[in-house]
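What follows is one structure encoded as structure tokens, with my remarks underneath.
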């Protein structure tokens with residue numbers, strides 16, 4: 001059976017209840033107020049395979065109404081009870097791993113093995129913040145003035161709007177909702193228009209876990225309606241925080257839109273990560289690290305290395321090893337056995353990747369591997385791009401300045417440590433950076449000078465629920481995960497009690 005006809009078949013899940021098509025607002029599943037819907041496509045074929053509710057301003061307002069109504073009872077729920085509900089949700093996510101992975105694979109396109117790994121990864125955030133919910137400690141300030149007792153408590157910031165991307169449709173919404181709930185906030189969420197199904201399924205599991213009505217609300221919306229939904233939340237003074245993962249231009253729009261009500265913001269934005277290979281690096285380890293960091297999700301990750309800098313003396317040896325590894329990658333639909341690179345998300349992604357490759361070649365890059373979209377019996381849809389390596393890349397190319405978000409590796413030469421650091425930092429972005437080296441002094445120097453929120457030192461896999469995730473410069477602000485992860489969902493309140501007086505004898 002061809003891929004196109006297979007993609008038109010129903011999505012078969014062990015638990016069909018996970019396939020949702022409506023908003024979840026105030027504890028009920030409902031169609032859009034307008035009755036409108038929009039289609040969701042399978043990137044492997046380019047064909048639409050289902051439709052979901054297309055929200056608007058009325059749906060956004062209903063969601064924030066429900067979240068505001070639920071806020072005070074949820075905020076007053078003791079931390080231990082909030083933690084118990086999060087643990088139930090975590091267990092349900094893991095119990096439904098296979099179905100959730102099928103949803104991710106169908107609507108996002110990544111290989112099933114990666115989709116299963118995403119489910120496990122997203123679940124770790126729910127588990128982590130279930131544990132952190134009971135550790136939101138305050139402080140007692142030593143007496144500064146006789147007769148006064150000063151203390152600090154931490155409180156939920158209020159209603160949180162979570163706006164999530166398409167590249168990790170489960171992990172990103174779990175990473176935002178879990179700390180919000182742990183802190184005592186209620187949530188309104190808007191998943192990416194390309195991948196709403198996984199988020200809706202995740203919220204259905206939260207409903208089964210027993211979260212009270214209004215604590216979690218989700219509104220799906222098409223590309224045209226997304227600004228309508230989000231702008232309603234931006235203007236709503238009851239929404240006290242926005243958390244967003246996506247592009248820097250959209251993040252800046254959210255920051256401007258939040259100014260009138262001074263909302264708290266967490267913005268995880270564009271990447272353009274450098275990957276540096278010094279002449280004392282273990283080259284096989286560096287190749288392994290680059291393969292892990294670059295080709296996960298076909299290069300469609302915010303921490304994907306976008307600029308690979310290799311010191312002159314090891315440039316050719318590294319390039320040869322890398323070409324051999326990348327040439328062996330199998331491209332095809334995520335459900336096929338052995339596939340390592342799935343389709344790109346949509347036509348816009350293919351157009352941008354192609355533009356970057358053609359621009360690089362026009363500016364003198366050498367094509368070492370790949371270089372174009374592909375279509376064959378296995379990769380038969382319109383959104384596949386061959387894993388590509390470009391040699392002799394230079395700083396006047398688009399792929400030096402912009403995030404490609406695809407399976408393209410440009411190799412830049414450098415001669416000195418100072419030059420490598422200068423080139424790595426020559427970007428307005430600062431989310432992740434990687435480098436491979438052996439000399440201990442060099443490791444400290446380079447890690448101290450890289451302008452990035454996350455640095456991988458002889459390591460290509462950086463993500464962990466125990467570590468703070470976030471960037472600097474135009475890659476945003478705020479941190480997700482780790483013991484710092486609750487901070488963006490809480491504010492501190494200073495309490496000063498007077499009139500205590502001395503002890504009476």
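One table, with the values for the structure above:
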read-out: Single unsatisfied condition, residue 20 versus (1) in contact with a helix residue (DSSP H, G or I) (Cβ under 7 Å, 6 or more places away or on another chain); (2) more than 30 Å from residue 238 (Cα to Cα); value: (2)
read-out: Residues of segment 439-461 that turn out to be more than 25 Å from the chain's Cα centre (by Cα) and within 14 Å of residue 280 (Cα to Cα), as a count; value: 6
read-out: Flag if residue 329 is over 25 Å from residue 112 (Cα atoms) and either touching a residue at least 24 places away in the same chain (Cβ under 8 Å) or in a strand (DSSP E or B) (or both); value: no
read-out: Top-ranked residue of segment 359-392 - restricted to ones that are assigned to a helix (DSSP H, G or I) and in contact with a helix residue (DSSP H, G or I) (Cβ under 8 Å, 6 or more places away or on another chain), ranked as surrounded by the most Cβ atoms within 10 Å (Cβ to Cβ); value: 360
read-out: Every residue from segment 4-50 that is surrounded by 20 or more Cβ atoms within 10 Å (Cβ to Cβ) and either modelled with pLDDT under 95 or over 18 Å from residue 105 (Cα atoms) (or both); value: 7, 23, 24, 25, 32
read-out: Single condition residue 144 does not satisfy, out of (1) touching a strand residue (DSSP E or B) at 6+ places or on another chain (Cβ under 8 Å); (2) farther than 30 Å from residue 253 by Cβ; (3) at pLDDT 95 or above; value: (3)
read-out: Yes/no for residue 67 being within 18 Å of residue 191 (Cα to Cα) and part of a helix (DSSP H, G or I); value: yes
read-out: Residue among 316, 311 that alone is surrounded by fewer than 18 Cβ atoms within 10 Å (Cβ to Cβ), in the same structural domain as residue 280 (by TED's automatic domain parsing) and within 18 Å of residue 414 (Cα to Cα); value: 316
read-out: Of the criteria (1) over 23 Å from residue 341 (Cβ atoms); (2) out of contact with any strand residue (DSSP E or B) (no Cβ under 7 Å at 6 or more places or on another chain), which one residue 55 fails; value: (2)
read-out: Lone qualifier among 283, 290, 269 - being within 30 Å of residue 228 (Cβ to Cβ) and either buried (at least 17 other Cβ atoms within 10 Å of the Cβ) or without any contact (Cβ under 8 Å) to a residue 40 or more places away in the chain (or both); value: 269
read-out: Every pair of residues 6+ apart whose Cβ atoms lie under 7 Å, when the first sits in segment 72-101 and is outside the structural domain of residue 198 (by TED's automatic domain parsing) and at pLDDT 95 or above while the second is surrounded by fewer than 20 Cβ atoms within 10 Å (Cβ to Cβ) and in a helix (DSSP H, G or I); value: none
read-out: The lone exception for residue 215 - which of (1) out of contact with any strand residue (DSSP E or B) (no Cβ under 9 Å at 6 or more places or on another chain); (2) more than 30 Å from residue 446 (Cβ to Cβ) it fails; value: (1)
read-out: Options 378, 399, 361, 368: the member that is under 23 Å from residue 104 (Cα atoms) and either assigned by TED's automatic domain parsing to the domain that holds residue 301 or at pLDDT below 95 (or both); value: 378
read-out: Hey, residue 303 without any contact (Cβ under 8 Å) to a residue 60 or more places away in the chain and in contact with a strand residue (DSSP E or B) (Cβ under 8 Å, 6 or more places away or on another chain) or not; value: no
read-out: Filtered residue count, segment 421-450, keeping only those that are under 21 Å from residue 270 (Cα atoms) and in contact with a strand residue (DSSP E or B) (Cβ under 7 Å, 6 or more places away or on another chain); value: 12
read-out: Strands (runs of 3 or more DSSP E) enclosed by segment 106-173 - at least 2 residues per element that are more than 19 Å from residue 492 (Cβ to Cβ); value: 159-163
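The values are calculated or read from the model by the stated rules, or taken from the named source; none is laboratory data. The shown structure was predicted, so the numbers you read here are calculated from the model rather than taken from an experiment. FYI the Cβ positions are ideal-geometry reconstructions off the backbone, even for glycines, and counts take in every protein chain you see.
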